[in-house]
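Participant: Have a look at this one before I ask anything.
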Amino acid sequence: MSRRTQVGRVLSHKMQKTAIVIVERRTPELRTGKVVLQQKKYKVHDESDETQAGDEVLIEESRPLSREKRWRILKVLKKAYAEAGGQA
């Protein structure tokens, strides 16, 4: 069985081996058909503690790791600007 994957942005990485990732998706509103932005936050397992706020990551659904963690980071797609040597 394949697991769901989503692309999101790390919002916060203040807990050990856990990051909060926000996933944005655009869906049409039912009544008017206007496209609206929907956001959802996920607590994601980060085994190597390699991410920081602002990174773009690919997350995968997994078995429950704690009360609120059901996703894990597969890979970092794009690092945050501040770590790349730029000024924040």
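The values are calculated or read from the model by the stated rules, or taken from the named source; none is laboratory data. Since this is a predicted model, take the numbers as computed values, not measurements. So basically every Cβ, Gly included, is an ideal-geometry build from the backbone, and we count neighbours across all protein chains shown.
Participant: Name the one entry in Glu61, Glu56 that is modelled with pLDDT of 95 or more and either at positive phi or in contact with a Phe, Trp or Tyr (Cβ under 7 Å, 6 or more places away or on another chain) (or both).
Facilitator: Working: Glu56 fails: either at positive phi or in contact with a Phe, Trp or Tyr (Cβ under 7 Å, 6 or more places away or on another chain) (or both).
Of Glu61, Glu56, the one residue that is modelled with pLDDT of 95 or more and either at positive phi or in contact with a Phe, Trp or Tyr (Cβ under 7 Å, 6 or more places away or on another chain) (or both) is Glu61.
Participant: Let me ask something else. Can you name the number of the only condition in (1) touching a residue at least 24 places away in the same chain (Cβ under 8 Å); (2) among the small types (Gly, Ala, Ser); (3) closer than 21 Å to Arg3 by Cβ; (4) outside any strand (DSSP E or B) that Gly54 fails?
Facilitator: For Gly54, the failing item is (3).
Residue by residue, here is whether (1) at pLDDT below 95; (2) charged (D, E, K, R) holds:
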{"residue": "Ala19", "(1), (2)": "no, no"}
{"residue": "Arg67", "(1), (2)": "no, yes"}
{"residue": "Arg70", "(1), (2)": "no, yes"}
{"residue": "Ala82", "(1), (2)": "yes, no"}
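Participant: In addition: Checking Glu61 against (1) free of Cβ contacts under 8 Å to residues at least 24 places away in the same chain; (2) more than 19 Å from Tyr81 (Cβ to Cβ); (3) surrounded by 12 or more Cβ atoms within 10 Å (Cβ to Cβ); (4) of a type outside the set (Phe, Trp, Tyr), only one condition comes out false. Which one?
Facilitator: (1)
Participant: Give the range 5-25 a look and list any residue that's basic (Lys, Arg) and under 8 Å from the mean Cα position of the chain (by Cα), or say none.
Facilitator: We begin by selecting, within the range 5-25, every residue basic (Lys, Arg); these are 9, 14, 17, 25.
Answer for the range 5-25, where residues must be basic (Lys, Arg) and under 8 Å from the mean Cα position of the chain (by Cα): just Arg9.
Participant: When Ala19 is evaluated against the numbered criteria (1) assigned to a strand (DSSP E or B); (2) surrounded by fewer than 17 Cβ atoms within 10 Å (Cβ to Cβ), which criterion, by number, is the only one it fails?
Facilitator: (2)
Participant: Looking at Asp49, is it more than 17 Å from Tyr81 (Cα to Cα), touching a residue at least 12 places away in the same chain (Cβ under 8 Å) and charged (D, E, K, R)? Reasoning before the result, please.
Facilitator: Details: more than 17 Å from Tyr81 (Cα to Cα): yes; touching a residue at least 12 places away in the same chain (Cβ under 8 Å): yes; charged (D, E, K, R): yes.
Yes, satisfied.
Participant: With the structure loaded, tell me whether Ile73 is surrounded by 13 or more Cβ atoms within 10 Å (Cβ to Cβ), without any contact (Cβ under 8 Å) to a residue 24 or more places away in the chain and part of a strand (DSSP E or B) or whether it fails that test. Working first, answer last.
Facilitator: Working: surrounded by 13 or more Cβ atoms within 10 Å (Cβ to Cβ): yes; without any contact (Cβ under 8 Å) to a residue 24 or more places away in the chain: no; part of a strand (DSSP E or B): yes.
Taking the combined requirement at face value, the residue does not satisfy it.
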